[in-house]
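The structure appears below as structure tokens.
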Amino acid sequence: MSFLYLKALHIIFVVTWFAGLFYIVRLFIYYAEAQEKPEPERSILQNQFSIMQKRLWYGITWPSAVLTLIFGTSIVITLGLYDPFPGWLIWKLAFVAGLYAYHFLCHSIFKQQQSGIIKYSSTQLRIWNEVATVFLISIVFLVVLKSALSMVWGIVGLLVFSALLMLAIRIYKRTREAKQAR
């Protein structure tokens, strides 16, 4: 029974962690776009986005990332360590490691913007926002299908999905620029 509670808590914190990752990058985008506004609008917006970033990052995203790790590790310990680990689980853990790397890179952007530094355009950040989607799809497919062959098809589908996302981002950017030019 304790396994099911651990699993439920793990899933809950995975969901809240992803929610935080998706929203923090949106706030990065809004902060970067506020740079193009005239004063005092720019300062007002950037101050508000900075506060929102800080509350989200330290109040939801970081705690969720830590609790996801704690409950995920607890599940493995409760079930007993696999000998050897199934292939799908090794791949899942590799994607999870990549997700934590993404999290730390988001933390770097967070620290930059908290210091008033904008290194990435809103378009670059929109593309960056889709990286979390790639991790989400990869991890969920691996956990549900538990098959290396299915994972290969999943990755092929993911690459097609990523290409479509990039196309959608470009179309959105052109549409937005056309509206602003009017």
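Quick check on my filter: what residues within segment 61-95 are among the aliphatic types (A, V, I, L, M), surrounded by fewer than 17 Cβ atoms within 10 Å (Cβ to Cβ) and closer than 28 Å to Gln114 by Cβ?
Taking segment 61-95 as the starting set, the residues that turn out to be among the aliphatic types (A, V, I, L, M) are 65-67, 69-70, 75-77, 79, 81, 89-90, 93-94.
Among the residues that remain, those that are also surrounded by fewer than 17 Cβ atoms within 10 Å (Cβ to Cβ) are: 66, 69-70, 75-77, 79, 81, 89-90, 93-94.
The answer is Val66, Leu69, Ile70.
I'm checking my understanding of the structure. Among residues of segment 31-48 that are surrounded by 16 or more Cβ atoms within 10 Å (Cβ to Cβ) and free of Cβ contacts under 8 Å to residues at least 24 places away in the same chain, which one is farthest from Ile117 (Cα to Cα)?
Only one residue fits best here, namely Leu45.
Within segment 100-139, can you find the residues that are of a type outside the set (S, T, N, Q) and free of Cβ contacts under 8 Å to residues at least 40 places away in the same chain? Reasoning before the result, please.
Of all residues in segment 100-139, those of a type outside the set (S, T, N, Q) come to 100-107, 109-111, 116-120, 125-128, 130-132, 134-137, 139.
Tyr100, Ala101, Phe104, Leu105, Lys111, Ile117, Lys119, Glu130, Val131, Val134, Ile137, listed by residue number.
Does any residue of segment 167-179 turn out to be modelled with pLDDT under 90 and surrounded by 15 or more Cβ atoms within 10 Å (Cβ to Cβ)?
So far as segment 167-179 goes, yes, one or more of its residues are modelled with pLDDT under 90 and surrounded by 15 or more Cβ atoms within 10 Å (Cβ to Cβ).
Please give the number of the condition Ala97 fails out of (1) touching a residue at least 24 places away in the same chain (Cβ under 8 Å); (2) of a type in the set (Gly, Ala, Ser); (3) within 24 Å of His10 (Cβ to Cβ).
Exception for Ala97: condition (1).
In the set Ile118, Ile155, Ile139, which member is of a type in the set (Val, Ile, Thr), surrounded by 14 or more Cβ atoms within 10 Å (Cβ to Cβ) and farther than 25 Å from Thr68 by Cα?
Numbers: Ile155 fails: farther than 25 Å from Thr68 by Cα; Ile139 fails: farther than 25 Å from Thr68 by Cα.
When all the criteria are applied, what remains is Ile118.
Kindly list, by first and then second residue, each pair from a residue in segment 63-85 that is more than 11 Å from Val14 (Cα to Cα) to a residue that is at pLDDT 90 or above and in a helix (DSSP H, G or I), limited to pairs with Cβ atoms under 7 Å and residues at least 6 apart or on different chains.
Within 7 Å, the pairs are Ser74/Leu6; Ile75/Leu6; Ile75/Lys7; Ile75/His10; Thr78/Leu6.
The values are calculated or read from the model by the stated rules, or taken from the named source; none is laboratory data. Just so you know, these numbers come straight off a predicted model, no measurement behind them. Every residue, glycine among them, receives a Cβ derived from its backbone with ideal geometry; neighbour counts consider all protein chains shown.
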